[in-house]
């Protein structure tokens, strides 16, 4: 390949592989949605534990991202990236071939572990390819960022097509040929090196934070079923918080910790991660309940429901690729993030006005486009600030932290908004008025979270990050 492809072309082909990684990581959280009823019937899931087909993936992904980022710094981003795709391939085969509940959840957890290796190493590789080019880095980040919403929507769309015309295991098998192609491309398009001098990995810290985050997510996810006032909820949540506190103590005392706590003294890194956490906590519940409103209230089947989300996805991609870099260059990441979060808040509040007898054109399309524009404008500046604020040798760690923030925010936000929706009538299937009231309450909750993200950005960004004057530069300098 090196003899026929220029270095510049290889860089952009490498970016295509990295964007495919982000696409797949997000798609695997959404593609199973339409297939769940058939999986429940064939594998024997109860109504109560069916949600763990989604949660097993998200908890493994969110809990192991920090370890994935550290391994990327220690072993080299390209090596960890390839290992992640191999693990994802194995997990997809296990999930597709599963004949019972336990095997299915193991397969989903293995998929999440593979994605936890892929996501931070992918961002590190992106900065290795484009970090030295102030004009190209924002464009590369925009393409990378646009792959996330594209993956989320494609998951819903493909899940409906695959479930209707093939069988549910193919929602997992689709990963296999993609993984094989990417593993074949990596040696020719990805930069080698990048490994740190240390070969030690804080496995105790990784186990502690993964268990702690998993317990916290488990407590919030199960709370609507067992009750927020139940002893189980507070014991498990308390145990998760205690483990996370223990992890922080281990990092403060360890000689080579999984997370160097001093990294959070980098200007705006902590603020950018808080913004990403709140962005995930607002966006994912909006996307989830919007899909339910389309199917359960407006009566859309799986295929039209996925197609109805395409305008929102296209606007996000346009916003991230064309608008966000220019806005960054013009007003800086702090103002751009506040503007994006404010638009997202407005879009959510507009969606809260949905009606049981509403229509897609009046109740969904305009509000969802406002929210999508807000998402596109907030995602790129917070992501770029979080990564560029770290030392070059800690790019994998910074990538792991910011991915963890977004994924854990997504899981916790969805769990809390699910409880809010259920408390307001969304558990009464078949009653369109009750469902609409519940979904509206969830949109209100998501709007509050997005508004909190705007306020947090105003309060916590200690100083604007400078950008180059050229609108095509948008280079983030911590």
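Matching residues to (1) surrounded by fewer than 23 Cβ atoms within 10 Å (Cβ to Cβ); (2) within 22 Å of residue 387 (Cα to Cα); (3) in contact (Cβ under 8 Å) with a residue 60 or more places away in the chain:
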{"position": "90", "(1), (2), (3)": "yes, no, no"}
{"position": "102", "(1), (2), (3)": "yes, no, no"}
{"position": "115", "(1), (2), (3)": "no, yes, yes"}
{"position": "120", "(1), (2), (3)": "no, yes, yes"}
{"position": "128", "(1), (2), (3)": "yes, yes, yes"}
Options 349, 307, 336, 281: the member that is more than 30 Å from residue 432 (Cβ to Cβ) and either part of a helix (DSSP H, G or I) or not assigned by TED's automatic domain parsing to the domain that holds residue 420 (or both) = 336
Extreme residue, farthest from residue 444 (Cα to Cα), among residues of segment 324-339 that are buried (at least 24 other Cβ atoms within 10 Å of the Cβ) and under 21 Å from the mean Cα position of the chain (by Cα) = 325
Subset tally (residues that are modelled with pLDDT under 75 and more than 21 Å from the chain's Cα centre (by Cα)) for segment 23-49 = 5
Considering every residue within segment 401-410, establish whether at least one is over 28 Å from residue 128 (Cα atoms), buried (at least 18 other Cβ atoms within 10 Å of the Cβ) and at pLDDT 80 or above.
-> no
Report the residue count in segment 361-383 for those that are more than 15 Å from the chain's Cα centre (by Cα) and within 14 Å of residue 334 (Cβ to Cβ).
-> 2
Is it the case that residue 342 is out of contact with any strand residue (DSSP E or B) (no Cβ under 7 Å at 6 or more places or on another chain), assigned to a helix (DSSP H, G or I) and either buried (at least 24 other Cβ atoms within 10 Å of the Cβ) or outside the structural domain of residue 380 (by TED's automatic domain parsing) (or both)?
-> no
Is it the case that residue 252 is free of Cβ contacts under 8 Å to residues at least 12 places away in the same chain and not assigned by TED's automatic domain parsing to the domain that holds residue 454?
-> yes
For residue 232, indicate whether it is under 18 Å from residue 31 (Cα atoms), surrounded by fewer than 22 Cβ atoms within 10 Å (Cβ to Cβ), touching a helix residue (DSSP H, G or I) at 6+ places or on another chain (Cβ under 7 Å) and free of Cβ contacts under 8 Å to residues at least 24 places away in the same chain.
-> no
Just need a number here: residues in segment 416-434 that are on the phi < 0 side of the Ramachandran plot, surrounded by fewer than 24 Cβ atoms within 10 Å (Cβ to Cβ) and assigned to a helix (DSSP H, G or I).
-> 10
Residues that are surrounded by fewer than 24 Cβ atoms within 10 Å (Cβ to Cβ) and in contact with a helix residue (DSSP H, G or I) (Cβ under 7 Å, 6 or more places away or on another chain), drawn from segment 291-304 | 291, 292, 294, 295, 296, 297, 298, 300, 302, 303
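The values are calculated or read from the model by the stated rules, or taken from the named source; none is laboratory data. Everything numeric in this text was worked out from a predicted model, so none of it was measured. Virtual Cβ from ideal backbone geometry, glycine too; neighbours counted across all protein chains shown.
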